[in-house]
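A short write-up of the structure that comes next.
The values are calculated or read from the model by the stated rules, or taken from the named source; none is laboratory data. Since the model is a prediction, treat every value here as computed from it, not as a measurement. Here the Cβ positions follow ideal geometry from the backbone for every residue, glycine too, while neighbour counts run over all protein chains shown.
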């Protein structure tokens, strides 16, 4: 694999840090620029935009490959849901599939919310992860009051990020960012509320170490 950083004057560490700050946290381009300046890193906010567009999908694809290798544990139960996203005054829909552990398996942006869009989303998810044992949606009769909370809670980081970005300009940008954010959020998702402090710190250190080795 060729070095993807070979034509950039900035170090790979700075680029990885910039991409992680912008995608993982609800920060605007200019806020990332200001925070990096406080660390002695002087870059323009347009550089932040260029770096996440260039390296974000690359990093997300690497994490997605690792997830697919261990996909058997993700087939027990899927939670499916969609949220509306307004783009230039027109409503679009972002479909999301989450496994029983709360990790996002697939996101898919569509202009319509109908049977055709739902089937296309399901085929896309099953092509990558196989058939699930159980599917939970908000329209099944077995749906309890809190049964689909996993996928509904997974929308929250995206909603916070959407506000910081001041909306999306196109459906392709929506699909691209949502897919990248989901993969990176999965990587840093350590079940803080389920683990003791020392175990959580170990898992967090491992996740950061793997992030720093991306495209190394």
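Say we look at segment 11-48 and pick out the residues that are exposed (fewer than 14 other Cβ atoms within 10 Å of the Cβ) and in contact (Cβ under 8 Å) with a residue 12 or more places away in the chain; which of these is farthest from residue 173 (Cα to Cα)? Show your work before the answer.
Start the filter on segment 11-48 by keeping residues that are exposed (fewer than 14 other Cβ atoms within 10 Å of the Cβ), which leaves 11, 13, 30, 34, 37-40, 42, 44, 46.
Still in the running and in contact (Cβ under 8 Å) with a residue 12 or more places away in the chain: 13, 30, 46.
Values: 13: 25, 30: 19, 46: 16 Å.
Restricting to residues being exposed (fewer than 14 other Cβ atoms within 10 Å of the Cβ) and in contact (Cβ under 8 Å) with a residue 12 or more places away in the chain, the top hit is 13.
Among the residues of segment 101-108, are any outside any loop (DSSP other than H, G, I, E, B), surrounded by fewer than 19 Cβ atoms within 10 Å (Cβ to Cβ) and modelled with pLDDT of 85 or more?
Scanning segment 101-108 turns up no residue that is outside any loop (DSSP other than H, G, I, E, B), surrounded by fewer than 19 Cβ atoms within 10 Å (Cβ to Cβ) and modelled with pLDDT of 85 or more.
Filtering segment 158-171 down to residues that are part of a helix (DSSP H, G or I) and in contact with a strand residue (DSSP E or B) (Cβ under 8 Å, 6 or more places away or on another chain), which residue is nearest to residue 99 (Cα to Cα)?
First, pick out the residues of segment 158-171 that are part of a helix (DSSP H, G or I): 158-164, 171.
Now restrict to residues that are in contact with a strand residue (DSSP E or B) (Cβ under 8 Å, 6 or more places away or on another chain): 158-159, 162, 171.
Working: 158: 17, 159: 20, 162: 23, 171: 25 Å.
Ranking the qualifying residues of segment 158-171, first place goes to 158.
Has segment 136-154 got at least one residue that is modelled with pLDDT of 80 or more and loosely packed, with under 15 Cβ neighbours inside 10 Å? Let's see the steps before the verdict.
Initial filter on segment 136-154 (modelled with pLDDT of 80 or more): 136-137.
Right, trim to loosely packed, with under 15 Cβ neighbours inside 10 Å and you get none.
No, that holds for no residue.
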